[in-house]
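Student: Dropping a structure here in structure tokens format, bear with me for questions.
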Amino acid sequence: MDYDVVIIGAGVIGLACASKLADKGKSVLVIERHSSFGWEISSRNSEVIHAGLYYPKDSLKARLCIKGNRSLYEWCETKNIPHKRIGKYIVADNKSEEDELDKIYNRSVENGVIGIIKLPFDKVRQNEPNVKCTSALWSKDTGIIDSHKLMESFAENARSKGCDMAYKHSLDGIVKINGGYELDILDPTGMPCHISAEAIINAAGLDSDTVAEMAGIDVEKAGYRLHYCRGHYFRIVSSKRDLVSHLIYPVPNKNVRDLGIHITVELSGEIKLGPDVLYLKNRRQDYRVPANLHKDFYSAASKYLINLRYDDIYPDQAGIRPKLQTEGGEFRDFVIKEESGRGLPGFVNLIGIESPGLTCCIEIANMVEGML
């Protein structure tokens, strides 16, 4: 075999897996179709370290997020990754939303989240005078991170332990062979080459269901089919960067389809709004931010933020989530599965890794290493 493990995808999850497995002495190859790491999901998000408040008890999202919150902070402190434990308010502005806050609080306690407290509006206004609400939850362990520096640290650690990175290479096929797999790969010129590995980690993000199909899995039957969901961001002008000093989130909608258009204070001190939710009808990676969303973003932010004018915001970027959950559908958890049961020993699928995947990255890597 050429390698012990081939990892498909150099986003934050693939790189965390590469770092972990290289630490364990495995020979590892990472295949990435772009010219560097993190070009898709991992670089188009809110860069938030979540605390695990929202997710159903015993779900992977809940368990891995709570553990990941601690392990990610530890990694950042050890590796000097820029981050800040800035804290987050989830704000309610009516009785119905206050009831939802109580459910989030009770779920958080049930899941073992620490550092979350209920606050009346006057306590919130002491720290955030431009925020309007009737009550809120405060999460002290929610933070922000430089996701690029995080990915760079994983890549550097993996390379220092002998991991190979094949950028501008794309996967063209997977064949099960005796004792492992043969991968058909196209190099930067489009020429085919062949690599063999004992194990494969499918960390292909937006195309992880396609990779599963290449391995012979019926993704419809398995429930692995992804739905592209675009989220847009707007930015608040720099002159208004003192509007808030913490993360401000609305009460999320039913089934945690998304966490609502929230306010993220970046490490630079700049402020952005988003993301919203738009399920796409095709699989095209279209990252446009339509100008006609301006009114919607202003309306959403004005619901809980005073002293914000219509002209204080402008379009920023967009990202696409790889959702297993259908539009309006029930909650779907991460798929983290070693596929021996489907006749593919050593093939690990990581599908539907959206938020809080960034927070969970080290714990997902630990889980994958345990599977292998």
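The values are calculated or read from the model by the stated rules, or taken from the named source; none is laboratory data. From a predicted model like this one, the values you see are computed outputs, not experimental measurements. Here the Cβ positions follow ideal geometry from the backbone for every residue, glycine too, while neighbour counts run over all protein chains shown. In case anyone asks, the SASA skips ligands and DNA or RNA and just uses the protein heavy atoms, side chains included. Shrake-Rupley method; radii C 1.70, N 1.55, O 1.52, S 1.80 Å.
Student: (1) under 30 Å from Ala92 (Cβ atoms); (2) free of Cβ contacts under 8 Å to residues at least 60 places away in the same chain; (3) in contact with a Phe, Trp or Tyr (Cβ under 9 Å, 6 or more places away or on another chain); (4) outside any helix (DSSP H, G or I): which one isn't true of Pro129, the others all being true?
Tutor: (3)
Student: Ser340 versus (1) part of a helix (DSSP H, G or I); (2) among the polar types (S, T, N, Q); (3) open to solvent by 10 Å² or more (accessible area, probe 1.4 Å); (4) touching a His at 6+ places or on another chain (Cβ under 9 Å): which is the lone unmet condition?
Tutor: Of (1) part of a helix (DSSP H, G or I); (2) among the polar types (S, T, N, Q); (3) open to solvent by 10 Å² or more (accessible area, probe 1.4 Å); (4) touching a His at 6+ places or on another chain (Cβ under 9 Å), only one is false for Ser340: (4).
Student: Which of the residues spanning segment 154-192 are in contact (Cβ under 8 Å) with a residue 24 or more places away in the chain, over 21 Å from Met371 (Cβ atoms), part of a strand (DSSP E or B) and not hydroxyl-bearing (Ser, Thr, Tyr)?
Tutor: Selection gives Asp164, Met165, Ala166, Gly173, Ile185.
Student: Further question: Within segment 199-216, work out how many residues are hydrophobic (A, V, I, L, M, F, W, C) and in a loop (DSSP other than H, G, I, E, B).
Tutor: The number of residues fulfilling the criteria is 3.
Student: Another question, if that's okay. From the list Leu247, Leu226, Leu243, exactly one residue is closer than 19 Å to Arg125 by Cβ, modelled with pLDDT of 95 or more and within 19 Å of the chain's Cα centre (by Cα). Which is it?
Tutor: Leu247
Student: Oh, and also: Run Asn106 past the list (1) within 17 Å of Ala62 (Cα to Cα); (2) in contact with an Asp or Glu (Cβ under 9 Å, 6 or more places away or on another chain) and report the number of the one that doesn't hold.
Tutor: That leaves (2) as the condition not met.
Student: Please verify whether Tyr181 is among the aromatic types (Phe, Trp, Tyr) and over 20 Å from Met1 (Cβ atoms), treating the condition exactly as stated.
Tutor: no
Student: A further question follows. Just to verify a result, which residue in segment 38-59, among those that are at pLDDT 95 or above, among the hydrophobic types (A, V, I, L, M, F, W, C) and open to solvent by less than 20 Å² (accessible area, probe 1.4 Å), is farthest from the chain's Cα centre (by Cα)?
Tutor: Looking at residues that are at pLDDT 95 or above, among the hydrophobic types (A, V, I, L, M, F, W, C) and open to solvent by less than 20 Å² (accessible area, probe 1.4 Å), I get Ala51.
Student: Only one residue in Tyr105, Tyr73 is open to solvent by less than 10 Å² (accessible area, probe 1.4 Å), part of a helix (DSSP H, G or I), out of contact with any helix residue (DSSP H, G or I) (no Cβ under 7 Å at 6 or more places or on another chain) and more than 30 Å from Glu198 (Cβ to Cβ). Which one?
Tutor: That would be Tyr73, the only listed residue that is open to solvent by less than 10 Å² (accessible area, probe 1.4 Å), part of a helix (DSSP H, G or I), out of contact with any helix residue (DSSP H, G or I) (no Cβ under 7 Å at 6 or more places or on another chain) and more than 30 Å from Glu198 (Cβ to Cβ).
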